[in-house]
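**Student:** My questions will all concern the structure given below.
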Amino acid sequence: MKSKYTYIWPTVIALALAIGIFIGGKLHFKDSENKLFTKNSKKEKLNRLIDYIDYEYVDEINTDSIVDVTVNNILEKLDPHSVYIPKSEMEKVSESMKGDFVGIGVNFYMYKDTISVIRTIENGPSYLKGLKQGDRILMADGDTLFGSDIPNDEVIKKLKGEKGSAVKLQVYRKNGNKLFNVVVNRDVVPIKSVESYCMLTPDMGYIKVNRFAESTYKEFKKALRKLESLGATKLTLDLRDNPGGYLGIAEQMADEFLSDGKMILYTKNKRGKVDKVFATKKGDFENKPVYVLINEKSASASEIIAGSLQDNDLGTIVGRRSFGKGLVQREMDLGDGSAVRLTVSRYYTPTGRSIQKSYENGNRDYYQKFMDRYHNGELLSVDSIKVADSLKFRTPKGKIVYGGGGIIPDVFVPIGSNESEAIEAMNLRFIPHFVFTYLDDQRAYYEQFDKKDFIENYTVDDILFESFVKYSSNKIRLNFYAFEDKIKLYLKAALAEQLFDANAHAQIKSGADDMIQKVLELDQENSNRIDLSTRVLGQEPL
C-alpha cells in the first residue's frame, strides 16, 4: 500500500529545490558604476512612487515591504534563478556559502524543548571544554534556553557571537545526573560541504559533496588526499541532491580529474563575450577511474562537473537526469544589507551543450516540469526521457550526449519503489531522532565500541528494530518487516553517525545504496574486462 507520505514527499522536494538552488560563479561586470547606474525615467518613476506612498498615502505603510515585493516581482519576470535576498536572510545565506560561522561548536536537537548535544565538533570550543553527547544546555549567560515557547533562531543567536568571546553555559549531564557550569570561548566553526568520505573497497574511495561553498575545494582536497593515503586509485564522487554553488569551485574540482588543456566549460554573456575555462597540470586525480553520482536534484555546479567529464570522455556518470540549470548568477549588494543574485551569463559544456531547461512559460511551469518527472515515468526508465535530435552533440570519442534540461547519465539507475522512497524519507526524518532518544538511555553500553569495531562487528538486534517499528508506525504506513534488513542497516548507520561521525554513516549506508552498488558492479565489470584483455594479449604471469 502506498503511504500518504509518499505522495507528499515529491512536493516537499520540489519546494525545497526551488528555494535551495544556489548561485553559479563569481563573474565581474566590465561596466563602471557610473555607466551601470545612470539615471533614467524608469528608475525615477519607481522612486517617485515610493516617495508618494511614504509621504502622502493616507495610512502608515511599511515601504520596505513594498520594495521587497516589487523587487521579487521584477526578478520573477526574468528567470527562475535571479533571486532577491532580504537583509534578514543575508547572514544565514552568507554563512552557508562561506563555509563557517562563529559559535560554540555543537550539533544539537531541540529534544523535549531542550538543547541536547548530538555531537561536539572535534577540537571545537565545546569539545575542548569537555561537553559530551547527550548533554543538555540549559542556560547561556543567565538566559534560559529551554522551553517550548523559545524559537530556534533565538537559541542559536544566544550561542553565536564574536570570535573569542566567552559564554557561560549551564549544562545538565544525564549520565551521572549532574548540573554544572562551563565557560566556552566562541570560535570559528566549519559548516562542512564535504559531507562524508570513506573507502568503499580497498581501492575505491567515496566523497559526498552537498554544495559548492568557498571552503568546498579545500575540504575536497583534504578528503581526496586521505583516501589516496588509504589506497584509493578510483573515486566515486557523490553529487546527488547537490544544488550547486560557486562556479569557480566547480572549475577547481573538475580540474582535479581533467588533464592539462582540456576544456571544463565556457560562458557567454548578453554581449556575446565568451570566456573559456581549461584544465591545468595541477590535478591530482587525472586519468584515473571516476564515477559521478547525480540525480534529479543535482544542479548548477554539480552539472558542470558531470558535463565536463562526460564531454571529455572521462569517467562514468551514474544515476538519473540532473535538474537542468545552465545559468550563472552574480551576487550584488543593494546597499541596505540585502542583495540580488542576478543571472549574468549562460554556461556551456565542452561540446557546446546548454543544459538549461526552458523557463519561457514562467517560474510555476518551470518547477512543475520538475514535479512532472515523478509522474511521467522518467525516474523509472531512461526511455521515458524526452530528448530532441536538434540538441544532439558528440564527444571527441563519438559518444552521443544531449543538451537541454539536464545531464543524462551514462548509466541509468531508477528511483526506488514508493516503499523504498518512504524508507529514505524515514531515514532523513524519523531515524536520527529515534536513535538519539534510544542512545539517551544506552550511551554507557555503546562506550565499549570504537569506530572500526562498531562498523565491522555491531549488529542491530530485533529488540531495537521492534522499538523503531513501534516508534514509527503511527508516523508512516509501511510494511516494516518486508524491509527489515534495510531498516536495520539504516539504524546502524544513524547510530554510527551520532556515536562517531558522518564518514562511518556513509560507509555503513553504502551497503543499501542502489547507485553505489551499481558503481561497484560497473567497476568489477571494468576490472574483469581489463583482466581479460591482458590474458588475450598473453600478458598474464606464468
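**Student:** Among the residues of the stretch 395-404, write down those that are without any contact (Cβ under 8 Å) to a residue 60 or more places away in the chain, in contact with a strand residue (DSSP E or B) (Cβ under 7 Å, 6 or more places away or on another chain) and assigned to a loop (DSSP other than H, G, I, E, B).
**Tutor:** Within the stretch 395-404, G403 is the sole residue that qualifies.
**Student:** Also, I was wondering about something else. In the stretch 405-448, what residues are assigned to a loop (DSSP other than H, G, I, E, B) and crowded, with 16+ Cβ neighbours inside 10 Å?
**Tutor:** Across the stretch 405-448, the qualifying residues are G405, G406, I407, I408, P409, D410, V413, I415, F430.
**Student:** Quickly run through the stretch 75-91 and pick out the residues that are farther than 22 Å from N363 by Cα and among the basic types (K, R).
**Tutor:** K87
**Student:** Taking the stretch 225-251, which residues are in contact (Cβ under 8 Å) with a residue 24 or more places away in the chain and more than 18 Å from the chain's Cα centre (by Cα)?
**Tutor:** R225, K226, L227, E228, L230, G231, A232, T233, K234, L235
This table checks each residue for (1) outside any loop (DSSP other than H, G, I, E, B); (2) at pLDDT 95 or above; (3) in contact with a His (Cβ under 9 Å, 6 or more places away or on another chain).
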position	(1), (2), (3)
D153	yes, no, no
K158	yes, no, no
G161	no, no, no
S196	yes, yes, yes
F220	yes, yes, no
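**Student:** Being in a helix (DSSP H, G or I) and either buried (at least 17 other Cβ atoms within 10 Å of the Cβ) or among the charged types (D, E, K, R) (or both) is the filter here; which residues of the stretch 466-479 pass it?
**Tutor:** Across the stretch 466-479, the qualifying residues are E466, F468, K470, S472.
**Student:** Applying the selection to the stretch 368-385, what residues are in contact with a Pro (Cβ under 7 Å, 6 or more places away or on another chain) and buried (at least 17 other Cβ atoms within 10 Å of the Cβ)?
**Tutor:** Correct list: Y374, L379.
**Student:** Here is a follow-up. Given the criteria among the aliphatic types (A, V, I, L, M), in a strand (DSSP E or B) and not assigned by TED's automatic domain parsing to the domain that holds R341, does V93 qualify?
**Tutor:** no
**Student:** Also: Go through (1) part of a helix (DSSP H, G or I); (2) over 19 Å from L179 (Cα atoms) for E122 and report which single condition fails.
**Tutor:** Failed condition: (1).
**Student:** Right, here's the next one. Just one of the numbered conditions (1) closer than 18 Å to T395 by Cα; (2) in contact with a helix residue (DSSP H, G or I) (Cβ under 7 Å, 6 or more places away or on another chain); (3) of a type outside the set (D, E) is not true of I294; which one?
**Tutor:** I294 satisfies every listed condition except (1).
**Student:** Could you grab me the full set of residues in the stretch 322-368 that are in contact with a Ser or Thr (Cβ under 8 Å, 6 or more places away or on another chain) and of a type in the set (V, I, T)?
**Tutor:** Scanning the stretch 322-368 gives V328, V340, T343, T349, T351, I355.
**Student:** Another one. So how many residues does the stretch 30-67 have that are modelled with pLDDT under 70 and either touching a His at 6+ places or on another chain (Cβ under 9 Å) or in a helix (DSSP H, G or I) (or both)?
**Tutor:** 4
Conditions tested, residue by residue: (1) polar (S, T, N, Q); (2) touching a Phe, Trp or Tyr at 6+ places or on another chain (Cβ under 8 Å); (3) over 19 Å from G416 (Cα atoms).
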residue: V460; (1), (2), (3): no, no, yes
residue: S467; (1), (2), (3): yes, yes, yes
residue: S473; (1), (2), (3): yes, yes, yes
residue: K488; (1), (2), (3): no, yes, no
residue: L495; (1), (2), (3): no, yes, yes
residue: A502; (1), (2), (3): no, no, yes
residue: G511; (1), (2), (3): no, no, no
residue: Q524; (1), (2), (3): yes, no, yes
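**Student:** Hey, another quick one. Inside the stretch 275-286, can you point out the residues that are within 20 Å of T351 (Cβ to Cβ), touching a Ser or Thr at 6+ places or on another chain (Cβ under 9 Å) and surrounded by fewer than 16 Cβ atoms within 10 Å (Cβ to Cβ)?
**Tutor:** Within the stretch 275-286, D275, K276 meet the criteria.
The values are calculated or read from the model by the stated rules, or taken from the named source; none is laboratory data. Predicted model, so just to flag it, every value in this text is computed and none were measured. All Cβ positions, glycine included, derive from the backbone under ideal geometry; neighbour counts span all protein chains shown.
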